[in-house]
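Let me begin by presenting the structure, written as structure tokens, before commenting on it.
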Amino acid sequence: MSASSFHRAQLVERVDFTGDLAMFRFRPEHELPFKAGQYATLAVEHDGRLIQRPYSIVSSPYESFLEFFVELVPQGELTPKLWELRSSDYVLVRNRIVGAFTKDDKAGMNRHIMAATVTGIAPYVSMIRTQRIDLDRGSGTQQRFAVVQGASRSWEFGTYKDELDQVARQGWVNYIPTISRPWEDPDWKGECGRAEDVFRKYADNLGFDYTNSVGYACGHPHMIENVKGILARARFPKAQIKEEKYFTI
């Protein structure tokens, strides 16, 4: 794909959560419409070629920036270059934002039960921000979300834990963060275990089932396969299960 298929986007904010997890906000030079849950392709030019990778968008389509929750892959081609960026530096963003991992409004369900591993929370935040903005504007229909996010340690949730905790106080989101290495995070008081370990528990306790909900899994492929199995055993038909796999590249 040539550079003519991309627009420039300026880095306007960056927040490092850990040494290898960060939030990046870019302001594209041209408007790039998209749906909450879709992904953008970021690229940099290096040695006469484009290095490009897809990333789910965290921001809502209503926001003026594109936000990404990125994990550094030290041996990767692109992420080490993103880590070198400074404020006002530019990257390239493909001029078409695509992806089918969007909120399912066709199944006739008003509940959404979601599982994520670390950066897999990105599309869910985009969906939840979009509904929050719609509700603040007095438009749209309130739907229920239950989001289980797994990480190794609590600091890997970054600022998204605080954001989702705050939205949860409005009553239409249940956010359940869980960590798999509690011995490395002794001050943690929340759930322990991988995302799939607590997923069924909260689906049952909160009343999210195949009669009223769509199931979603985003992030590590192993987690996704486990969650799909849980949903299948809970009688969710394939049409009510959506997935978005992240690979370390």
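The values are calculated or read from the model by the stated rules, or taken from the named source; none is laboratory data. As the structure is a computational prediction, the values presented were derived from the model and not from experiment. With ideal geometry, Cβ positions are generated from the backbone for all residues, glycine too; neighbour counts draw on all protein chains shown.
Of the candidates Ile179, Ile224, the single residue that is farther than 21 Å from Phe101 by Cα, surrounded by 17 or more Cβ atoms within 10 Å (Cβ to Cβ) and not assigned by TED's automatic domain parsing to the domain that holds Glu77 is Ile179.
Only one entry of Ser64, Ser88 meets the criterion of being surrounded by fewer than 17 Cβ atoms within 10 Å (Cβ to Cβ), more than 22 Å from the chain's Cα centre (by Cα) and under 18 Å from Pro28 (Cβ atoms), and that entry is Ser88.
Once the stretch 227-245 is narrowed to residues that are part of a strand (DSSP E or B) and not hydrophobic (A, V, I, L, M, F, W, C), the residue that is surrounded by the most Cβ atoms within 10 Å (Cβ to Cβ) is Lys242. Scan the stretch 98-109 for residues that are basic (Lys, Arg) and either assigned to a strand (DSSP E or B) or surrounded by fewer than 18 Cβ atoms within 10 Å (Cβ to Cβ) (or both) and jot them down. Listed by number, the list holds a single entry, Lys106. Within the stretch 125-156, the set of residues being of a type in the set (Phe, Trp, Tyr) and either over 14 Å from Gly190 (Cα atoms) or surrounded by 17 or more Cβ atoms within 10 Å (Cβ to Cβ) (or both) comprises just one member, Phe145. Scanning the stretch 116-147 for residues being of a type in the set (A, V, I, L, M) and in contact with a Leu (Cβ under 9 Å, 6 or more places away or on another chain) gives a total of 6.
Take the conditions (1) closer than 20 Å to Arg111 by Cβ; (2) out of contact with any Pro (no Cβ under 6 Å at 6 or more places or on another chain); (3) of a type outside the set (A, V, I, L, M); Asp197 misses just one of them, which is (1).
Contact annotation: residue pairs with Cβ atoms under 9 Å, 6 or more positions apart or on different chains, pairing a residue in the stretch 110-121 that is within 12 Å of Gln143 (Cβ to Cβ) and outside any strand (DSSP E or B) with a partner that is modelled with pLDDT of 95 or more and of a type in the set (Ser, Thr, Tyr), are Asn110/Ser213. In the set Thr211, Thr141, Thr178, Thr159, only one residue is of a type in the set (Ser, Thr, Tyr) and without any contact (Cβ under 8 Å) to a residue 24 or more places away in the chain; that residue is Thr211.
Residues that are surrounded by fewer than 22 Cβ atoms within 10 Å (Cβ to Cβ) and at pLDDT below 95 do not occur anywhere in the stretch 157-176.
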